[in-house]
Amino acid sequence: MSLFMIRIQLPSPSTAGDYAELRDAMEKAGASKQIVSDTGRSFELPHAEYCLESSLSIGEVRDRVVSYAKKVDRDPSVMVTEGVNFSWRLQPSD
């Protein structure tokens, strides 16, 4: 299993409702708006960024994310990175 960080940007004009719909679709797909530290503490990811643990390839993850995002907007921008180590300064979610 790999950990992927996903960033999605919907073209302008986009509404808060569009991003809420996107968040719902991504959460149904197994992505999370939170990242968990080695100590088990959860942190909220920035706007329109998601974390996903999956056995899919990075290209397969990208293609699936694009298909979910296209349900909200026909031309989303999507970036997926695969990583082992992450470092952040985020707000705790708990």
**Item:** Sites matching trypsin sites (Lys or Arg not before Pro) across region 7-49 that sit in DSSP coil, with at most 15 neighbouring C-beta atoms within 10 Å
**Value:** Arg41
**Asked** Under 15 Å from the Cα of Lys71, which aspartates and glutamates turn up, not counting those fewer than eight places away in the same chain?
**Response** Asp18, Glu21, Asp24, Glu27, Asp63
**Asked** For helix 16-28, what angle does its Cα long axis make with the longest principal axis of the chain, in degrees from 0 to 90 and rounded to 10?
**Response** 60
**Request:** Please give the net charge around Leu10, taking every other residue with its beta carbon less than 9 angstrom from that of Leu10, where Lys and Arg add +1 and Asp and Glu add -1.
**Result:** -3
**Prompt:** What's the angle, to the nearest 10 degrees (0 to 90), between helix 58-69's Cα axis and the longest principal axis of the chain?
**Reply:** 50
**Prompt:** For the pair Val84 and Asp63, how long in nm is the line joining their label points, each one 7 Å along Cα→Cβ?
**Reply:** 2.7
**Request:** May I ask you to derive the FRET efficiency for Asp94 and Met1 from their Cβ-Cβ distance with R0 = 30 Å, giving the value to the nearest 0.05?
**Result:** 0.80
**Prompt:** Among Ala16, Ala31, Ala48, which one shows the biggest mean-square fluctuation in a GNM of the chain, springs joining Cα atoms closer than 10 Å?
**Reply:** Ala16
**Message:** Could you work out [θ]222 nm for the chain from helices alone, using -39500 (n - 2.57) per DSSP H run of at least four and dividing by all its residues? Round to the nearest 500 deg cm²/dmol.
**Reply:** -8500 deg cm²/dmol
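How long are the semi-axes of the equivalent ellipsoid of the chain, defined as square roots of 5 times the Cα gyration tensor eigenvalues? Whole Å, largest first. Could the numbers behind the result be given before it?
Details: eigenvalues 96, 54, 22 Å².
Rounded to whole Å, the semi-axes are 22, 16, 10.
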**Message:** Explain nothing, just the number: relative contact order of the chain, from Cα pairs under 8 Å at least 6 residues apart, as a whole percent.
**Reply:** 46
**Message:** Would any residue of region 1-34 have its amide N under 12 Å from a label point 7 Å out along Cα→Cβ of Ser55? List them or say none.
**Reply:** 1-2
**Fill in**
Around Leu22 (Cβ within 12 Å, Cβ-to-Cβ, excluding Leu22; K/R +1, D/E -1) the net charge comes to 0
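Values quoted throughout were computed directly from the atomic coordinates according to the rules given, and no laboratory measurement underlies them. Fair warning: this is a prediction, and the values are worked out from it, not measured in the lab. FYI the Cβ positions are ideal-geometry reconstructions off the backbone, even for glycines, and counts take in every protein chain you see.
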